[in-house]
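Shown next, in structure tokens, is the structure this report addresses.
The values are calculated or read from the model by the stated rules, or taken from the named source; none is laboratory data. Owing to the predicted nature of the structure, the values given are computational and were not obtained by experimental measurement. Cβ placement follows ideal geometry from the backbone for every residue including glycine, while neighbour counts extend to all protein chains displayed.
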Amino acid sequence: MSLLESIHSPADLKSLSTVQLNQLAGELRRFIIDSVSNTGGHLAANLGTVELTIALHRALDLPEDILIWDVGHQAYAHKILTGRREAMRDLRKFGGLSGFTKRSESTYDPFGAGHSSTSISAALGFAKAFKIRGETHQAVAVIGDGALTAGQAFEALNHAGAGKANLLVVLNDNAMSISPNVGALNKHLARLITGRTYQRVREDGKQVFDLLGMAQLARRAKDQVKDMLMPIETHRTLFEELGFRYVGPVDGHDLETLTDVLHNLSTQQGPRLLHVVTQKGRGYAPAEADPVRFHGVSTFNPYKLEPTQAKPSTTFTSAFGDWLCHAAARDACLVGVTPAMSEGSGMVDFSMQFPERYFDVGIAEQHAVTFAGGLAAAGLKPVMAIYSTFLQRGYDQAVHDIALQNLPVLFAIDRAGLVGADGATHAGLYDIAFLRCIPNMQIYTPSDERELLRMLDAGLAHDGPVAVRYPRGGSGGQDAPMSATEPLNQAVWRKRGKDVAILAFGPLLHEALKAAETLGCSVIDMRSVKPLDLDTLRAAATTHGQLVTLEDHALMGGAGSAVLEALCTMGIHTPVLRLGLPDVITVQGTQAELYHHYGLDASGIIQAIHVATKTIPE
């Protein structure tokens, strides 16, 4: 039996020697590579936190102490060491383990995650609760340098430092998030870890942190440690100004030193920040060489890597990326903005062709939206590329800084609808609801890639805010045979039938067309949620006995709700069956599995219509 197989909880680490801990790290790293290659998931980030995870589990008294991983995508080792090793075979699969931390999954996951920069706020909440109850448990947040670019992280640091909270923040500095990090903070950290002082610490780290233990007994020793760790000009670091006791940088792969440092810090009080330097992809040469490629992977053979193949331009994301470059070549006023999602949003080519017009603002969605508003107010044409789930974080700015001033910002909303294995934290199920209530905002739902290009063109030309929402992957259907001059707010009859009319919003149109082959019903590509094509809606409602709305979005407040509101205003009482996502936290799985699970594929549409119309299928 391997050493890893004998570990069922963090308590099992307490008696291991340094040699055994290093052996465990090797076994754990190999297990992660083999496991993720079979399931897909986040690989490079998890390989970089193996030693850090072991050291934290050994130093803390989990789960009485609480350990919160920011985002949670780097917590695979944490899952494995907390009794979920066997369950890793179903990671990110339908009914399996989440790819992030999840409270309902384990008592060792005290706070759920999926979005970045929430860990310090949550851990501070635990720290304050412990103080109120008179408990001495530790509250620890592990946050990456990429996540530290978000404003929420600094709001939490400011609160914790000013309030003298009993909180330990571990800054996992691997010099990148998904995309390479940007901004002044990243440059500040880079200066720290490349200085001669840090190199001296790497060479003789054990002596330094032996002194750290003495610092609890003597102020002089504490000052000496600081002198050795930090150059004179950086003594008053950003973190110290915020009220934190700063320690580091520390080699995040030196298990012995890391364990000693964390043990010492866990016995201290007040706000503390440990700066740990790790290597993304550590221990797996392909991931070390290309951490972006191996950030999130599908299944692969870890021992025989195939050459990277260029992805065909058949997805909504790649179609957007191509459009952005062509549109920028035509219009010198076009600028692109993204909150640290260049690769995921298809902006890499644009960033290389038009670097002076490309702005990656870091993981700072609020700033990104207002920044785009400033660009628009100055006469430029900003295109804001953002995932639906992350636009939620810039909602006030979309209202206050864009829509209320009617500024021409084009929101290219990727990953709208069910995204698959990333699950509920990344599903884009609410953007229609929270955008359509905003005055001046227009919302388009392309059913295929060609429609996407037309809607982006129209959005760029519109003198006001426009949102174009599209899902992960491709449309899975045929391009619509329609005139290039057709107004985008005009719906299109794709099939004329009888009795039932399906009003489809977005690529689920193609599932509706499949269902119509069996049902003999009408199918309309609605194309626009706001404004709605009221003439087509009236015609459908007065010539059919049953309307069905279909959308890859939450039912509450979605496109179906917009249809009901419009019919009510027009005084039309045709029954409406709304198909979309129910008022539940959605599960994870492939997109196809989820469409079937929620009745949004052709078979589910057929069954729902039979039930609604009380007809018996032949």
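Scanning the stretch 84-104 for residues that are out of contact with any strand residue (DSSP E or B) (no Cβ under 6 Å at 6 or more places or on another chain), under 19 Å from Trp69 (Cβ atoms) and not basic (Lys, Arg) yields a total of 7.
Could you count how many residues in the stretch 500-527 are surrounded by fewer than 23 Cβ atoms within 10 Å (Cβ to Cβ) and within 21 Å of Gly428 (Cα to Cα)? The number of residues fulfilling the criteria is 1.
Only residues that are over 17 Å from Met88 (Cα atoms) and surrounded by fewer than 18 Cβ atoms within 10 Å (Cβ to Cβ) were counted across the stretch 17-50, and they come to 7. Selection within the stretch 82-103: residues that are closer than 17 Å to Asp422 by Cβ and small (Gly, Ala, Ser). The member of this set that is surrounded by the most Cβ atoms within 10 Å (Cβ to Cβ) is Gly99. Considering Leu97, Leu171, the condition of being in contact with an Asp or Glu (Cβ under 8 Å, 6 or more places away or on another chain), at negative phi and in a strand (DSSP E or B) is satisfied by Leu171 alone. Of the helices (runs of 4 or more DSSP H) lying entirely inside the stretch 356-456, those carrying at least 3 residues that are more than 13 Å from Pro339 (Cα to Cα) and not small (Gly, Ala, Ser) are 431-436.
Of the residues making up the stretch 138-146, none is aliphatic (A, V, I, L, M), out of contact with any Cys (no Cβ under 9 Å at 6 or more places or on another chain), more than 14 Å from Phe239 (Cα to Cα) and at pLDDT below 90. Considering the conditions (1) within 21 Å of Leu273 (Cβ to Cβ); (2) part of a loop (DSSP other than H, G, I, E, B), His115 is excluded by exactly one of them, (1).
Identify, by number, the condition in (1) on the phi < 0 side of the Ramachandran plot; (2) surrounded by fewer than 24 Cβ atoms within 10 Å (Cβ to Cβ) that Leu391 doesn't meet. Only one criterion is unmet by Leu391, namely (2).
Residues are listed down the side, and each one gets a yes or a no for (1) touching a helix residue (DSSP H, G or I) at 6+ places or on another chain (Cβ under 7 Å); (2) within 23 Å of Leu265 (Cα to Cα):
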| residue | (1), (2) |
| --- | --- |
| Asp61 | no, yes |
| His78 | yes, yes |
| Gly95 | no, no |
| Asp109 | no, yes |
| Gly112 | no, no |
| Phe130 | no, yes |
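Can you name the residue in the stretch 242-282 that is among the basic types (Lys, Arg) and farther than 19 Å from Gly163 by Cβ and, of all such residues, is farthest from the chain's Cα centre (by Cα)? Going through the qualifying residues, I end up with Arg282.
Of the candidates Ala215, Ala221, the single residue that is in contact with a Lys or Arg (Cβ under 8 Å, 6 or more places away or on another chain), farther than 30 Å from Ile33 by Cβ and modelled with pLDDT under 90 is Ala215. Restricting the stretch 344-367 to residues that are among the charged types (D, E, K, R) and surrounded by fewer than 19 Cβ atoms within 10 Å (Cβ to Cβ), the residue that is farthest from Glu451 (Cα to Cα) is Glu356.
Within the stretch 592-611, track down each residue that is buried (at least 18 other Cβ atoms within 10 Å of the Cβ), part of a helix (DSSP H, G or I) and within 26 Å of the chain's Cα centre (by Cα). Matches in the stretch 592-611: Glu593, Leu594, Tyr595.
Output the residue which, of all residues in the stretch 606-617 that are modelled with pLDDT of 95 or more and touching a Ser or Thr at 6+ places or on another chain (Cβ under 9 Å), is nearest to Leu519 (Cα to Cα). Out of the qualifying residues, it is Ile606. Considering the stretch 128-157, the residues that are over 22 Å from the mean Cα position of the chain (by Cα) and of a type in the set (D, E, K, R) include one that is nearest to Val169 (Cα to Cα), namely Lys128. What do you reckon, is Phe320 surrounded by 23 or more Cβ atoms within 10 Å (Cβ to Cβ), under 25 Å from Gly476 (Cβ atoms), modelled with pLDDT of 95 or more and hydrophobic (A, V, I, L, M, F, W, C)? Here the answer is yes, as Phe320 does meet what is asked. Which numbered condition trips up Gly125, out of (1) within 25 Å of the chain's Cα centre (by Cα); (2) touching a residue at least 24 places away in the same chain (Cβ under 8 Å)? Going through the list (1) within 25 Å of the chain's Cα centre (by Cα); (2) touching a residue at least 24 places away in the same chain (Cβ under 8 Å), Gly125 breaks only (2).
Looking across the stretch 276-315, the residues that are in contact with a Phe, Trp or Tyr (Cβ under 7 Å, 6 or more places away or on another chain) and either at pLDDT 90 or above or crowded, with 18+ Cβ neighbours inside 10 Å (or both) come down to Gly281, Ala287. Being assigned to a helix (DSSP H, G or I) and farther than 30 Å from Gln20 by Cα is a description that does not apply to Glu288. In a residue-by-residue description of the stretch 363-383, the property of being under 16 Å from Gly459 (Cβ atoms) and among the β-branched types (Val, Ile, Thr) applies to at least one position.
Just checking, does the stretch 368-378 include any residue being surrounded by fewer than 23 Cβ atoms within 10 Å (Cβ to Cβ), within 22 Å of the chain's Cα centre (by Cα), assigned by TED's automatic domain parsing to the domain that holds Ala424 and farther than 30 Å from Arg282 by Cβ? Among the residues of the stretch 368-378, at least one is surrounded by fewer than 23 Cβ atoms within 10 Å (Cβ to Cβ), within 22 Å of the chain's Cα centre (by Cα), assigned by TED's automatic domain parsing to the domain that holds Ala424 and farther than 30 Å from Arg282 by Cβ, which makes the answer yes. May I ask you to list the residues in the stretch 441-499 that are modelled with pLDDT of 95 or more, of a type in the set (Ser, Thr, Tyr) and under 17 Å from Ile524 (Cα atoms)? Correct list: Tyr444, Thr445, Ser447.
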